Amino acid sequence: MKTKKKVLFLCTGNSARSQMAEALLRKHAENQYEVHSAGLEPKGVNPFTIRVLEEHGLDTCKLRSKNMTEYLGVMQFDYLVTVCDNADERCPFIPGTGKQMHWSFEDPAAFSGSEAETLEKFREVRQLIEARILTWLKQEQGGRDAL
């Protein structure tokens, strides 16, 4: 039986982008990857994150905001993907990690607008994250290095 590669998505608050990435990679490749997410300063999962994942047909009951210290020295990852510039700048190297990548996405939680506008911003970021994951998966299956 083939061992699943481990992926950690990291951002500052582990409230939106990294949670979306975790759920979306599970949706598209749970049979290939063991997926986790964490934050440098966890803030709890944003309610808009839950909404846009559920409207996309994803189960969110197991999502929780985690501190990256839960994983340091405990688990080694084949891939560490920072999904915000702050996390990328603050964590230039994580011991025990194979390949580190940076995928910069706008923070939808920082958006200021009406409820409908905020929901649309979260949807937009979810779509961008999903597109990036699908591109990465195609590259991985093609045997080329990840983005």
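The values are calculated or read from the model by the stated rules, or taken from the named source; none is laboratory data. Only a predicted model underlies this, so the values are computations on that prediction, with no experimental measurement involved. No Cβ is skipped: glycine too gets one built from the backbone with ideal geometry, and neighbour counts run over all protein chains shown.
I'd like the full set of residues that are small (Gly, Ala, Ser) and in contact with a strand residue (DSSP E or B) (Cβ under 7 Å, 6 or more places away or on another chain), limited to region 47-75.
Ser65
Output the number of residues of region 12-54 satisfying the condition of being aliphatic (A, V, I, L, M), in contact with a Ser or Thr (Cβ under 8 Å, 6 or more places away or on another chain) and either at pLDDT 95 or above or not in a loop (DSSP other than H, G, I, E, B) (or both).
So the answer is 8.
Can you name the residue in region 91-110 that is surrounded by fewer than 16 Cβ atoms within 10 Å (Cβ to Cβ) and more than 14 Å from Ser18 (Cβ to Cβ) and is also modelled with the highest pLDDT among such residues?
Ala110
Condition check ((1) more than 15 Å from Trp103 (Cβ to Cβ); (2) of a type outside the set (A, V, I, L, M); (3) without any contact (Cβ under 8 Å) to a residue 40 or more places away in the chain; (4) touching a Cys at 6+ places or on another chain (Cβ under 6 Å)) across all residues:
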residue: Met20; (1), (2), (3), (4): no, no, no, no
residue: Leu24; (1), (2), (3), (4): no, no, no, no
residue: Ile50; (1), (2), (3), (4): yes, no, yes, no
residue: His56; (1), (2), (3), (4): yes, yes, no, no
residue: Ser65; (1), (2), (3), (4): yes, yes, no, no
residue: Met68; (1), (2), (3), (4): yes, no, no, no
residue: Tyr71; (1), (2), (3), (4): yes, yes, no, no
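Need the failing condition index for Lys99 against (1) touching a residue at least 40 places away in the same chain (Cβ under 8 Å); (2) under 14 Å from the mean Cα position of the chain (by Cα), just the number.
Status for Lys99: all satisfied but (2).
Based on what the data block shows, is Asp88 assigned to a strand (DSSP E or B) and either of a type outside the set (Phe, Trp, Tyr) or over 19 Å from Phe122 (Cβ atoms) (or both)?
no
Look through region 41-65, keep the residues that are within 13 Å of the chain's Cα centre (by Cα) and surrounded by 18 or more Cβ atoms within 10 Å (Cβ to Cβ), and return whichever of them is nearest to Phe122 (Cα to Cα).
Thr49
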